[in-house]
1. Give the range 403-427 a look and list any residue that's modelled with pLDDT of 95 or more and open to solvent by 80 Å² or more (accessible area, probe 1.4 Å), or say none.
2. LEU211 fails exactly one of the following numbered conditions: (1) of a type outside the set (Gly, Ala, Ser); (2) at pLDDT 95 or above; (3) in a helix (DSSP H, G or I). What is the number of that condition?
3. Quickly run through the range 149-170 and pick out the residues that are modelled with pLDDT of 60 or more and open to solvent by 20 Å² or more (accessible area, probe 1.4 Å).
4. Filter the range 240-253 for residues that are open to solvent by 10 Å² or more (accessible area, probe 1.4 Å), within 17 Å of LEU280 (Cβ to Cβ) and not in a loop (DSSP other than H, G, I, E, B) and give the result.
5. Quick one: count up the residues across the range 111-125 that are modelled with pLDDT of 95 or more, part of a helix (DSSP H, G or I) and open to solvent by less than 40 Å² (accessible area, probe 1.4 Å).
6. Provide a single number: the residues in the range 234-290 that are in contact with a Pro (Cβ under 6 Å, 6 or more places away or on another chain) and closer than 24 Å to PRO479 by Cα.
7. Of the residues that make up the range 465-473, is at least one more than 20 Å from SER323 (Cα to Cα) and in contact with a Cys (Cβ under 9 Å, 6 or more places away or on another chain)?
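The values are calculated or read from the model by the stated rules, or taken from the named source; none is laboratory data. What you see is a predicted model, and the numbers here were worked out from it, not measured in a lab. Note: ideal-geometry Cβ built from the backbone for every residue, glycine included; neighbour counts use all protein chains shown. In case anyone asks, the SASA skips ligands and DNA or RNA and just uses the protein heavy atoms, side chains included. Shrake-Rupley method; radii C 1.70, N 1.55, O 1.52, S 1.80 Å.
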Amino acid sequence: MTPDAVVIGSGPNGLVAANLLADAGWSVVVLEEQDRPGGAVWSDESVAPGHVHDTFSSFYPLAAGSPTVQALHLEQHGLEWSRAPSVLGHAFPDGRWAVLHDDRNDTASALDADAPGDGQAWLDLCATWDRVGDDLVRCLLSPFPPVRGGAGMALQLTRAGGLGLVRELLMPARSLTEHRFRGEGARMLVAGNAGHADIPLESPGSAVMGLLLAMLGQTVGFPVPRGGAAALSGAMVRRLESLGGEVRLGERVTEVCVRSGRAVAVRTSSGEVPVRRAVLADVSAPALFGGLVGWDALPTKLRDRMSRFEWDPSTVKVDWALSSPVPWSNAPDRAPGTVHVADSMDDMTLAGGQVSAGLVPERPFLLVGQMGVADHTRVPDGGEALWAYTHVPQRVRSDAAEGRHGVRPVTGSWDESDLEAMAERVEQRIESRAPGFRDRITARRVLGPRELEALDSNLVGGAVNGGTAGLHQQLVFRPVAGTGRAETPVRGLYLASASAHPGGGVHGACGANAARAALWHHRARPPWRKQ
């Protein structure tokens, strides 16, 4: 039987799109080139038996805060969320910590002890979020322009500070935090979250990213799927299959067949799959335009604009199996699942600037995940499954640490020697905050840009966000100027990956927007229209 829709790729966006189309009564086939579903949402025990590591993404505040993901009711299909005793901690070099607790009053109390007045400033920020947060999330995750969320946002803004608040949201993270807070603790909680994207702390747009993650952490937390990230993908697959949808593994798509300007089939390594209504591509924009769809079927101006498409930085991720928990200096009483490691905002700025200049950072900003803290089912009693990742340039010109005594240089070839050198640099950063950390390592895995792309072809060069999150490639400029929506120049073909608006993160919005567009063009009423 010819399906109504073919979805290319079973990442979270592809699976969300497939589920929403199936909800509307469409027959759906998902084609995945890997031998497992999930894209960059997966987990395994390949580091060490009994230690479950998330291979790619790990903590999911955006999924917990996404109206689309929540409307899937994945708990009915086996998903269980687990949370650490506290949400996030920032470890300073002198042993101090800034901690984002699940109770905003506890967060405020600790921040006030660090700098009197910052506690009330934090509560004021939370109160503003209570008024505008839901509408802001809807604005960010809706197709552009965000009509429904935008209307609600405009109404709330008049009650919550108006243009002053809009100005703050558009500020650089450094400007916002220095304006709002006196102490390093509160400033670094926001700046560290802004560091999850590739927008410099001194650039417009970084504040909204930092505030979004910090406030979601304060309201829904940073949850993880119990048992591993694969449980999230598994729940979406089971939900789709319960609706009659199908996921075919090991099916690499080589071409989207276009006839008379319309997508009519996809060609795979095993044959051609015809489609009645739509093809939704959960692949990167460069893989779709000029790749799966030849330039002869696309406008000349798109080819010119795609030549200026910009990737986000590459990533190096290190996973460790530990014999016991990380021996953090002055560890918080309530252990955080996520830890940020940076000396200061200036330290983050320097590392980010080095990446932008093509230099491997000498002192990289680290995002660290303590999976046993967040979910005790993932580790043996007393053990820990730890990971850390950091950004490096897509094209390495040099190493900022070159010539420094005792530091192995990184060349940018990302061979075994480079990966070992980068892992040493990351371990030294953690050891400086947790003396004795290295003595507890029983196994290690290092995933560089090559390995990440081999495991998920959407992670080109180790880029995890489907393209830079800079304002010049967001909204109507994503993936290129003049787009901003899931529709493509080919009728019946929709871009459903993180290369589309609103970009990276496990929120499902890119897939939902593509499904919504496909249904609209076939005059189907989306079942989630009231959200």
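1. Passing the criteria: THR411, GLU416.
2. (2) is the only condition that LEU211 fails.
3. Filtering the range 149-170 down to residues modelled with pLDDT of 60 or more leaves 163-170.
Across the range 149-170, the qualifying residues are LEU163, GLY164, VAL166, ARG167, GLU168, LEU169, LEU170.
4. Result: GLU246, VAL247, ARG248, VAL253.
5. Qualifying residue count, the range 111-125: 5.
6. 2
7. Looking for residues that are more than 20 Å from SER323 (Cα to Cα) and in contact with a Cys (Cβ under 9 Å, 6 or more places away or on another chain), one finds at least one in the range 465-473, hence yes.
Condition check ((1) touching a residue at least 40 places away in the same chain (Cβ under 8 Å); (2) open to solvent by less than 10 Å² (accessible area, probe 1.4 Å); (3) of a type in the set (A, V, I, L, M)) across all residues:
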| position | (1), (2), (3) |
| --- | --- |
| PRO223 | yes, yes, no |
| GLY227 | yes, no, no |
| ARG238 | yes, no, no |
| VAL256 | yes, yes, yes |
